[in-house]
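The values are calculated or read from the model by the stated rules, or taken from the named source; none is laboratory data. Values in this document were obtained by computation on a predicted structure and should not be read as measured data. Cβ atoms come from the backbone with ideal geometry, glycine included; neighbour counts cover every protein chain shown. All accessible areas refer to the heavy atoms of the entire protein, side chains included, with ligands and DNA or RNA removed. Shrake-Rupley method; radii C 1.70, N 1.55, O 1.52, S 1.80 Å.
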Amino acid sequence: MKKIPLQFNSDDYANAIIFHDEKIALQKQLTNEVKKQLGATPGEFNFEDAENEFYFQLELQKKEVNSLGLAGNKLAEVLSLSVDEIVRLQVQLKEYSHVTLPTVEAFTIYAETEGEIAKYNSCINVIKSIETVKDFLKKIKGTYYFNDLIVGFRPLLTWSVGNQKFEPNVQFIKATDV
């Protein structure tokens with residue numbers, strides 16, 4: 001069934017983009033810190049467990065010179081490598097664990113069911129009717145009374161100040177009791 005977009009929440013979408021960008025920036029900082037400590041670019045890296053992942057990468061990198069078979073954390077101590085910055089960045093990054101790349105679809109409200117699409121089409125028909133008769137109303141009343149129309153059709157329509165036109169009322173379309 002076809003979905004009809006009703007409303008896009010641009011403010012929340014913009015905030016989600018900002019959070020995602022912050023997460024990516026922290027991941028880059030963490031990667032750079034690991035790279036600095038290892039002296040090489042790490043392979044696949046698990047950001048959620050950065051400290052243990054660093055130790056694992058260190059073990060892999062120093063495998064040939066680690067004749068004692070030291071664990072990564074002991075190897076870091078012997079080599080005087082500090083993981084404090086890695087731990088700090090890991091803690092910060094955990095605050096962004098729920099953040100994913102936002103999509104426009106996730107921040108858009110759609111008319112999806114047959115009932116919602118029927119209500120949407122009814123609203124569009126009402127808007128077309130208003131547009132058709134508004135010139136006649138101007139001639140009859142002398143002035144076009146938007147307030148009268150807004151009050152009369154408030155359950156079905158909203159007045160978009162930015163677009164200066166009527167739009168379908170999202171709450172009406174999504175309501176299940178109407």
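Things to note:
- Check on Val78, farther than 16 Å from Glu33 by Cα, of a type in the set (Val, Ile, Thr), open to solvent by 50 Å² or more (accessible area, probe 1.4 Å) and out of contact with any Phe, Trp or Tyr (no Cβ under 7 Å at 6 or more places or on another chain): yes
- For the stretch 108-139, a residue qualifies if it is of a type in the set (A, V, I, L, M) and modelled with pLDDT of 75 or more, and the qualifying residues are Ile109, Ala111, Ile117, Ala118, Ile124, Val126, Ile127, Ile130, Val133.
- Cβ separations smaller than 7 Å between residues 6+ apart or across chains give the following pairs from the stretch 44-68 residues that are closer than 11 Å to Val34 by Cα and at pLDDT 80 or above to residues that are part of a helix (DSSP H, G or I) and of a type outside the set (A, V, I, L, M, F, W, C): Ala50/Gln90; Glu51/Gln90; Phe54/Gln37; Tyr55/Gly72; Tyr55/Asn73; Leu58/Gly72.
- The stretch 31-45 - residue that is under 15 Å from Val83 (Cβ atoms) and under 28 Å from the mean Cα position of the chain (by Cα) and, of those, surrounded by the most Cβ atoms within 10 Å (Cβ to Cβ): Glu33
- Take the conditions (1) modelled with pLDDT under 85; (2) in a strand (DSSP E or B); (3) not aliphatic (A, V, I, L, M); Gly162 misses just one of them, which is (2).
- Residue pairs meeting the criteria (Cβ under 9 Å; at least 6 apart or on separate chains; first of a type in the set (S, T, N, Q), in the stretch 116-140; second surrounded by fewer than 17 Cβ atoms within 10 Å (Cβ to Cβ)): Asn121/Ile4
- Residue in the stretch 165-175 that is open to solvent by 70 Å² or more (accessible area, probe 1.4 Å) and free of Cβ contacts under 8 Å to residues at least 60 places away in the same chain present: yes
- Residue match in the stretch 3-20 (condition: in a loop (DSSP other than H, G, I, E, B) and either at negative phi or crowded, with 18+ Cβ neighbours inside 10 Å (or both)): yes
- Qualifying residue in the stretch 55-72 (condition: farther than 30 Å from Phe166 by Cα, of a type in the set (Asp, Glu) and exposed (fewer than 11 other Cβ atoms within 10 Å of the Cβ)): yes
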